[in-house]
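The values are calculated or read from the model by the stated rules, or taken from the named source; none is laboratory data. Computed from a predicted structure; not experimentally measured. Cβ atoms come from the backbone with ideal geometry, glycine included; neighbour counts cover every protein chain shown. What goes into the accessible areas is simple: the full protein's heavy atoms, side chains included, and nothing from ligands, DNA or RNA. Shrake-Rupley method; radii C 1.70, N 1.55, O 1.52, S 1.80 Å.
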Amino acid sequence: MTTVGSLEPFDMGQPNKWGSYLERFKLFLLANDVKDEGRKKASFLTLVGAPVYDLLTSLAFPNQVSTLPLDQIEKILTDHLCPRPSEIAAFYHFHKRDQHPDETVGNYLAALRALAVGCNFGAARDILLHEGLNNHIKEKDNNVRVVPVHTAGSNALIVKQYVTAVAGRAILSVSAGVMTRRTMFIHLKKRITVQFNGKSCNFEVDSGSDVTMMTLRTYDRIWPTNKPKVYNYDPWFSDYQHNPIQILGVFDVSIHYNGRNIDNLLVIVTKSGCSDLLGINWFDPLGISIKGIHSVGSDVQIAGILNKFEHLFSTELGCYTGPPVILNIDATVPPVRLPPCRIPYALKGLVEEELDRQCKQGILKPVEYSDWATPIVPVIKKDGSIRICGDYKSTLNKAVKPHCHQIPAINTLLASIEGGSIFAKIDLAQAYQQLVVDENSSLLQTISTHKGAFKVTRLQFGISSAPGIFQSCIENVVQNISGVLPYFDDIPDCDYKRTNANSEYHSLSF
């Protein structure tokens, strides 16, 4: 009979490839249509090679290899060559795996998937792979860069894309209780009791926690003596308010749950006083499944809101629809007209790009002459771009009359949100420049640059009365909205509907 393909003896020097070898052996049987169990066993023992056969003879003693079924032979060799790795070690290697300098994203993701096999991530595997990819990918030739986003223009687009992407998805829940996907910031609580060392421990089931956590107080109660060894563990964890959780370490534990014993479960011991949390790494071993739908709102409503307020998610500069701003100046102060400052050659290109961008936005308009002219000062932002500021303290601020609106104190705002339960914040993009000024004020704000003079059609940063003008305007816009407390370009919102003792707090930034 003609044999399809061949299979070399297993290389004992590479025990980590045992699983792959078994898969190839099964494909060999399939290709050659070997169905008889006796022939399968004989083929295996013949192909695997003499070193493996000798090893098997030792491991099977006092049983004879000829008396063992093939599946038991495979198990004996697998337990010896590829024992189940400790979740502690697997977690460590997964979180420590960085992308190599010449490694592609695809190969790096494949490596993370391989390391995740021993971590028992269960249903959270894809989430943690995504986070691992985001956290560890290194910058290469400035093509991959992670930068903070602070403005509503770019952030709103991200929010819209995310909400659109999740529209239509079911919100997941845990059987025997309701547990929602963590990105929805909703938690209906469910608790279960497990047995450690003959003692009970009541855990809060939390699908928002990647790992199971036990407080140091609980750890000392269950093991007053002969404590299991706790290994150092350095990944950073935070609670739902983004406060850091102090970690003592990590260890493997055996538990008794639902009438059966379960070994080698990873648990993290925390120093700080949080709850005992049963995370998603225990869901599969304990038989906790994620299923069903727990709706928190209609996707049609979300889509409708996005369509109705589509202009709020635009990346274009917004424009206040109220009356234009008028800068009041002291007419007795003579106008000051200063020439442009010298711009460093290395910054000249960036400055010109920013001037062109503001001209396209309609913020700047070329002008041949103005009684007032203020030189610009380029400021390099964290992301490497340029912010153009006018040095108005040397010119217009000498004549601008102060605005009468009083800026609220921070402690007053914080006292006003006492008793709230859910908080959000909107950060406006180019906030001052969303306010249009009248023609005379536009000329007063004229800037002088190496590319000529430009009048400024929007309220400019650096004008001494601008903070009071903007704060007065934004307070007037939101004055009838309960729980909204604006502070310049930040608009916090507070929901007072849930005020019971069990309410949870979330900080949501747009």
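Exactly one residue out of Phe196, Phe203 is modelled with pLDDT of 90 or more, surrounded by 14 or more Cβ atoms within 10 Å (Cβ to Cβ) and of a type in the set (A, V, I, L, M, F, W, C): that is Phe203.
Thr315 fulfils the conditions (1) within 34 Å of the chain's Cα centre (by Cα); (2) part of a loop (DSSP other than H, G, I, E, B); (3) of a type outside the set (D, E, K, R); (4) modelled with pLDDT of 85 or more except for a single criterion, (4). From the list Glu310, Glu316, the lone residue that is open to solvent by 50 Å² or more (accessible area, probe 1.4 Å), more than 20 Å from Ser464 (Cα to Cα), without any contact (Cβ under 8 Å) to a residue 12 or more places away in the chain and of a type outside the set (A, V, I, L, M) is Glu310. Residues in the stretch 4-30 that are in contact (Cβ under 8 Å) with a residue 40 or more places away in the chain, open to solvent by less than 80 Å² (accessible area, probe 1.4 Å) and in a loop (DSSP other than H, G, I, E, B): Leu7, Phe10, Met12. Quick one: would you say Asp33 is without any contact (Cβ under 8 Å) to a residue 24 or more places away in the chain and at positive phi? Yes.
Table: residues versus (1) over 12 Å from Val211 (Cα atoms); (2) under 26 Å from the mean Cα position of the chain (by Cα); (3) among the hydroxyl-bearing types (Ser, Thr, Tyr); (4) part of a strand (DSSP E or B).
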| position | (1), (2), (3), (4) |
| --- | --- |
| Tyr240 | yes, yes, yes, no |
| Gly249 | yes, yes, no, yes |
| Asp252 | yes, no, no, yes |
| Ile255 | yes, no, no, yes |
| Asn264 | yes, no, no, yes |
| Val267 | no, yes, no, yes |
| Asn281 | no, yes, no, no |
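Within the stretch 211-238, the set of residues being open to solvent by 70 Å² or more (accessible area, probe 1.4 Å) and either assigned to a helix (DSSP H, G or I) or of a type in the set (A, V, I, L, M, F, W, C) (or both) comprises Arg217, Arg221, Trp236. Condition check for Ile343 on (1) assigned to a loop (DSSP other than H, G, I, E, B); (2) surrounded by 14 or more Cβ atoms within 10 Å (Cβ to Cβ); (3) modelled with pLDDT of 90 or more: one failure, at (3). Return a yes/no flag: does the stretch 360-368 have any residue that is crowded, with 18+ Cβ neighbours inside 10 Å and modelled with pLDDT under 90. Taking every residue of the stretch 360-368 in turn, none turns out to be crowded, with 18+ Cβ neighbours inside 10 Å and modelled with pLDDT under 90. Taking Ile255, is it farther than 21 Å from Asn202 by Cβ and modelled with pLDDT of 75 or more? Answer is no for this residue. Residue count for the stretch 253-262 satisfying the condition of being open to solvent by less than 50 Å² (accessible area, probe 1.4 Å) and under 20 Å from Lys229 (Cα atoms): 3.
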